[in-house]
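Read through the structure below, which is laid out as structure tokens, and then see the notes.
The values are calculated or read from the model by the stated rules, or taken from the named source; none is laboratory data. Bear in mind that the values here come from a model prediction, so they are computed numbers and not experimental data. Cβ: placed from backbone, ideal geometry, glycine included. Neighbour counts: every protein chain shown. The protein model used for the area step is the full one, side chains on, heavy atoms only, and it has no ligands, DNA or RNA in it. Shrake-Rupley method; radii C 1.70, N 1.55, O 1.52, S 1.80 Å.
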Amino acid sequence: KTPYLRPFIPKGWTGEYLFVGEGPDEHEDEVSEIPFTGPAGQLLHRLLRETGIADNAAAFVNAVRCRPPRNRTPSMAEIRECRPFLLEVLAKLRPAKVIALGGIALAALRNSNDNNITRARGRQLVVPGELDLCFVAWATYHPSAVLRGNTQYLDKIREDVVRTWGAALAPLDASPTGSRTLAVDTEFSPTGELLTIGLADKKCAVALETTKEAWREKTEETLGGASWLIGHSVAGDIEKLVAAGLVTRNKAE
């Protein structure tokens, strides 16, 4: 009943937090016309106050702008239909901290089918898109999961919203170090185009976007000193690096 639900930006917003939800619930769609005013939103607002986050520090937007029929889970196609709006909100508001609440929000920010919150928690996530700014985000459980009986998530949500954020992802030292080990993660489009390469050692990490200048040179320089590559989907990640000509087949094996 309320299509294209707009984001909620409190009066005197400090620009600190933008919380990205999944989609409007029944109360938001039929009564308030404001994100995060239903039962899950009320729980989140109470949790934020308990952690010392002021009401005017947090803005809210949904990944999907309309309530799906029968409140079903939106498809990835529907998420991508709404994603340009989400990127526009990011570009206009330029929040200091972006927090994805739930798997749909995570999928929308990352533009990826990988919506596993448990695996994403605690990691800074790069938000790809046609933006002048490079945003990073955290992901945590949606408060609706707590209302469904997963009360163990409450402390985890509280922990995630007050995480200490670095000013940016620290660049890797690209000098060869012999037996160096790097963690690798790749993101690519539905058509198979390489979008982002994430590389990390024990101290710092970098996300290299293929739309940025000199990304290939920086990637080759960083990979040049690595003897071992590790990751959660190494076969797929390595294949992408080989296909892009960033590592040789012999080295990958």
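Over 23 Å between Cα atoms: which of K11/K156; K97/K156; K92/K156 fall into that group? Don't skip to the answer; put the middle values down first.
Details: K11/K156 28 Å; K97/K156 17 Å; K92/K156 29 Å.
From the list (K11/K156; K97/K156; K92/K156), the Cα-Cα distance tops 23 Å for K11/K156; K92/K156.
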### Message
Let me spell out the model: positive unit charges on the Cβ of Lys and Arg, negative unit charges on the Cβ of Asp and Glu, origin at the Cα centre of the chain. What dipole size does that give, in debye rounded to 20?
### Response
400 debye
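Could you order Y153, Y17 so the one with the most accessible surface comes first? Probe is 1.4 Å.
On the way: Y153 50, Y17 10 Å².
Largest accessible area first, the list is Y153, Y17.
For the stretch 33-97, just say rounded, prolate or oblate: build the C-alpha gyration tensor, square-root its eigenvalues into a ≥ b ≥ c, call rounded for a/c under 1.5, and beyond that prolate if a/b exceeds b/c, oblate if not.
Judged from the Cα gyration tensor, the stretch 33-97 comes out oblate (a/c at least 1.5, b/c at or above a/b).
With an 8 Å Cα cut-off and a minimum separation of 6 or more residues, compute the relative contact order for the stretch 19-78 in percent.
On the way: 58 pairs, mean separation 27.9, N = 60.
Value for the stretch 19-78: 47 percent.
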### Query
What's the angle, to the nearest 10 degrees (0 to 90), between helix 215-224's Cα axis and the longest principal axis of the chain?
60 degrees
### Task
Could you grab the relative contact order for the stretch 1-150? Cα pairs under 8 Å, six or more apart, rounded to a whole percent.
26 percent
### Query
How much of the accessible area of the chain, probe 1.4 Å, is carbon plus sulfur, in whole percent?
51 percent
### Message
Quick check on packing: order 111-124, 51-64 by the mean number of other C-beta atoms within 10 Å, highest mean leading.
### Response
51-64, 111-124
## Note on the structure
As a percent rounded to 5, the proportion of antiparallel DSSP bridges among beta bridges in the chain is 45 percent
### Efficiency of FRET between E26 and A96 - r from beta-carbon atoms, R0 22 angstrom, step 0.05
0.10
### Task
Compute the long axis of helix 234-243 from its Cα atoms, compare it with the longest principal axis of the Cα atoms of the chain, and write down the angle in degrees, 0 to 90, nearest 10.
60 degrees
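Restricting to DSSP loop positions (anything but H, G, I, E, B) with no more than 11 other Cβ atoms inside 10 Å of their own Cβ, which trypsin sites (Lys or Arg not before Pro) remain in the stretch 1-85? Don't skip to the end; give the middle numbers.
Numbers: sites: K1, K11, R46, R49, R65, R70, R72, R80; in loops: K1, K11, R65, R72.
Answer in residue order: K1, K11, R72.
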#### Entry: Correct option for P(r) over Cα pairs in 5 Å bins from 0, in percent [calculated from the coordinates] among (1) 1, 6, 12, 13, 16, 15, 14, 8, 6, 4, 2, 1, 1, 0, 0, 0; (2) 1, 6, 13, 17, 18, 15, 11, 8, 6, 4, 1, 0, 0; (3) 1, 5, 10, 11, 12, 10, 8, 7, 6, 5, 5, 5, 4, 4, 3, 2, 1, 1, 0, 0
(2)
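For the stretch 1-138, with every protein chain kept in place, what is the accessible area per residue (1.4 Å probe, Å²)? Spell out each step's value before the answer.
On the way: 6540 Å² over 138 residues.
About 47 Å² of surface per residue is accessible.
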